[in-house]
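The values are calculated or read from the model by the stated rules, or taken from the named source; none is laboratory data. Just so it is clear, the structure is predicted and the values come from calculations on it, not from any experiment. Here the Cβ positions follow ideal geometry from the backbone for every residue, glycine too, while neighbour counts run over all protein chains shown. Side chains are part of the model used for accessible areas, which takes the heavy atoms of the whole protein and leaves out ligands, DNA and RNA. Shrake-Rupley method; radii C 1.70, N 1.55, O 1.52, S 1.80 Å.
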Amino acid sequence: MSSCKRIMYLKQEELQPLLKESKEDGFRFLQRLWDDYEQGVNCFHEQGEVLMGVYNEEGRLLAIGGINRTDQQSVGRLRRFYVARSQRRKGTGGELLEALIAHATTSYTQLVLFTDTQIGDEFYRSKGFVKTSVASHVTHVLELK
């Protein structure tokens, strides 16, 4: 049983296992998440922003992702979304994404993201996102109710 909750303060020891695994997978964005968070550049604390995680019963972080404001006030950007290898195709990513989308509906009319993997593309499209080329560094968009 897992639970999804807002991360008010990200701890390095909490993120470390996912950070290590993401580097092994060739992804650098969780390192950027930590660096930006630690330096205070991006702590997901602005109005409409959120950082969320899915945790197992022992409190281990299984997945993480956040939403940042964009220059367009009505558009949020899904960022730093990562699911532990052991949790993929088990609903963990979907649980996290649903919670992030629910949060986004309170502040935004659109949610955008960038992915450069086929698996990411398939995952996001299966959750209602539409592939787009409307802007650089935006590959998918979701119209929010």
I need the GluC sites (Glu not before Pro) found in the range 42-145, filtered to DSSP loop residues with at most 16 other beta carbons within 10 Å of theirs. Glu46, Glu57, Glu58
Integer Hz, Karplus 6.51/-1.76/1.60 couplings in order for the range 11-26, x for Gly and Pro: 9, 4, 5, 6, 7, 3, x, 5, 4, 4, 5, 5, 5, 4, 7, x
Report D for the chain in µm² per second (integer): Stokes-Einstein, Kirkwood Rh on Cα pairs, 10 °C, 1.306 mPa s. 104
Find the Cα radius of gyration of the range 1-80, compare it with 2.2 N^0.38 Å by division, and give the number to two decimals. 1.10
Please compute the per residue accessible area over the chain with all protein chains in place, 1.4 Å probe, rounded to a whole number of Å². 57
Got a number for carbon plus sulfur as a percent of the chain's accessible area, 1.4 Å probe? 49
Pairs Lys5/Lys127; Lys11/Lys127; Lys5/Lys90: which exceed 27 Å Cα-Cα? Lys11/Lys127
Over the range 19-119, what is the mean sequence separation of C-alpha contacts under 8 Å (at least six apart), divided by residue count, expressed as relative contact order in percent? 23
